[in-house]
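The values are calculated or read from the model by the stated rules, or taken from the named source; none is laboratory data. Everything quoted here is computed from the prediction, not taken from an experiment. Every residue, glycine as well, gets a Cβ built from its backbone with ideal geometry; the counts of neighbours run over all protein chains shown. We work out accessible area using only protein heavy atoms, side chains counted, and drop any ligands, DNA or RNA first. Shrake-Rupley method; radii C 1.70, N 1.55, O 1.52, S 1.80 Å.
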Amino acid sequence: MAFQVNRAGDVMVIDVDGQLIVGNRQELKQMILDQVESGERKFLVDFTHTGYIDSSGLGVLVSLSKKIREQGGELRLSTLNEDLRTLFELTKLDTLFRIADSREEGLKGF
Amino acid sequence: MDRELVFELPNDLQCIEEAVEFVVGRCATCEETGRKLRFNFRVSFTEALANAMIYGNGRDPSKRVRVEVALRGSALKARVIDQGHGFDRTTVPDPTAPENIECPGGRGIFLMRKLMDEVHFNERGNAVTLVLRLPETESIRREASA
């Protein structure tokens, strides 16, 4: 299973285990959309155990963030290693997301 | 030790991760285990295969994608060829422009160009070649052990 969901208070924390790429992005998208449909509004995607993300993975995070914001919620990201952070900086997506250094920091003030 | 790999993939997005790991694994045994191979190449090769399957072959399951990988001297070259009609790469918009930043797509070619040392398309636009320069020390070590 590439994605693990755990609740931390009123925040849904999703761990990405392995890659977030074109082959599995739809699984993450549908899983979070189902949670939004169920009334969840706060999401933290944690990349502690993530190898790499491709443009499709980035794209699904962008579209989910937009959808969640439209519903009055927020999607945050946490624990990106140096390579993953570079991806967000290159694409300027670091300006679109709140990116925390750790899961704990990401949960603060949510 | 130079190395070449040539294979074909079905036009199936689920095959991409395994194909990427196969190529990286074969190149890693040649002592190149650097960050650029682990990350830059993985991301870029994934992009090239996805573009070939989605845009080149139009998700047509009857089509195939050909991969040619060559590790020679200090350069790793991976060529990905689809069976499509090609595309006009001059029309690809800048995904970092403010008006595009919230677009879900359009970052694939941008990432390949940022992460690889060279990216070349053939004139028809149905083949892309990714070039990664290996760190000099790794290249020397490989030559010494050959």
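When the range B:101-125 is limited to residues that are touching a Phe, Trp or Tyr at 6+ places or on another chain (Cβ under 9 Å) and away from chain A (no Cβ under 14 Å), the one that is most open to solvent (accessible area, probe 1.4 Å) turns out to be B:Phe121. Would you point out the residue of the range B:61-95, among those that are within 14 Å of chain A (Cβ to nearest Cβ) and not β-branched (Val, Ile, Thr), that is least open to solvent (accessible area, probe 1.4 Å)? Ranking the candidates gives B:Pro95 first.
If only one of A:Asp54, A:Asp17 is touching a His at 6+ places or on another chain (Cβ under 7 Å) and under 21 Å from B:Ala50 (Cβ atoms), which one is it?
A:Asp17
Here B:Pro98 passes the criteria (1) within 17 Å of the chain's Cα centre (by Cα); (2) within 14 Å of chain A (Cβ to nearest Cβ); (3) open to solvent by 70 Å² or more (accessible area, probe 1.4 Å) except the one numbered (1).
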